[in-house]
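Asks: Before we start, here is the structure in question, set down as structure tokens.
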Amino acid sequence: MKTMAWIIGLTAAISIFYGQLTRGANTAPTGQETASSATTETGKPPMPQVVAQCATCHGEDGVSDTRYVPHLAGQRRGYLMIQLRAFRDNTRNNPGMHAVVRPLSESAIEDTAAYYWAQGQVKRSNTDGGSSVNLDQKLTELVEKCDRCHEPNEFNKDAIQQYPILAGQRREYLAHEMRDFQSKHMRENAMMYAMTDLLAGEEVDKLATYYETRRSTMRVGRH
């Protein structure tokens with residue numbers, strides 16, 4: 001699992017380095033992103049400069065076409081800010097992401113998170129809040145527990161922004177993250193350790209597919 005994370009990070013770093021070479025001397029990095037409070041004619045935040053680099057892996061408008069690379073479109077702003085700070089400060093280990101976000105100021109992180117949140121969630125199912133995957137009783141009960149943090153409800157109304165939306169996310173990425181939590185090699189999270197310890201191998205993949213084909217009750221955008 002750690003090897004896959006390093007491969008993804010290295011790929012991102014190489015892509016960014018190549019992009020900087022091909023942009024030419026007149027577009028050399030200025031050192032630190034600047035924030036903007038403006039909005040476009042559509043009412044959405046303008047695209048921060050760093051998003052052009054993010055698109056190399058995460059796709060245009062934050063919709064990823066790459067296995068193991070998550071969608072960012074429609075992800076909660078608070079969660080994105082927490083993760084961007086962690087990558088910047090190296091408290092979440094990923095060399096590629098660290099290279100991208102290291103120059104970002106706090107205001108630039110806020111702008112980037114707001115931009116992706118405004119794009120709307122990736123729509124990967126025709127159902128209303130449900131999924132095309134049938135779960136047994138064990139996984140159904142586990143999903144109810146997962147949703148206490150990952151979907152809006154009475155349990156998390158004061159803290160929901162710190163938790164990611166799982167619905168509509170790439171199944172390969174979700175399965176990889178769950179297995180990293182199972183290995184205890186990932187960033188410390190006692191709750192996620194306990195939750196993923198309940199899953200056997202095939203159950204991880206089934207749960208990941210369930211969430212990929214499900215629509216969040218919180219936010220569904222134009223994709």
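Asks: Restricting attention to the stretch 74-88, and to residues there that are of a type in the set (Lys, Arg) and either in a helix (DSSP H, G or I) or over 20 Å from Val63 (Cβ atoms) (or both), which single residue is farthest from the chain's Cα centre (by Cα)?
Replies: Checking each candidate, the answer is Arg88.
Asks: Can you pull out the residues in the stretch 89-105 that are more than 17 Å from His185 (Cβ to Cβ), among the charged types (D, E, K, R) and within 15 Å of the chain's Cα centre (by Cα)?
Replies: Across the stretch 89-105, there are no qualifying residues.
Table: residues versus (1) at pLDDT below 95; (2) closer than 17 Å to Val69 by Cα.
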{"position": "Gly168", "(1), (2)": "yes, yes"}
{"position": "Leu174", "(1), (2)": "no, yes"}
{"position": "Asp180", "(1), (2)": "yes, yes"}
{"position": "Met186", "(1), (2)": "yes, yes"}
{"position": "Ala200", "(1), (2)": "yes, no"}
{"position": "Ala208", "(1), (2)": "no, yes"}
{"position": "Arg215", "(1), (2)": "yes, no"}
{"position": "Met218", "(1), (2)": "yes, no"}
{"position": "Arg222", "(1), (2)": "yes, no"}
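Asks: What is the number of the single condition among (1) surrounded by fewer than 19 Cβ atoms within 10 Å (Cβ to Cβ); (2) in contact (Cβ under 8 Å) with a residue 40 or more places away in the chain; (3) not hydrophobic (A, V, I, L, M, F, W, C) that Asn94 does not meet?
Replies: Going through (1) surrounded by fewer than 19 Cβ atoms within 10 Å (Cβ to Cβ); (2) in contact (Cβ under 8 Å) with a residue 40 or more places away in the chain; (3) not hydrophobic (A, V, I, L, M, F, W, C) one by one, Asn94 breaks only (1).
The values are calculated or read from the model by the stated rules, or taken from the named source; none is laboratory data. A quick note: this is a predicted structure, and the numbers were derived from the prediction, not measured. No Cβ is skipped: glycine too gets one built from the backbone with ideal geometry, and neighbour counts run over all protein chains shown.
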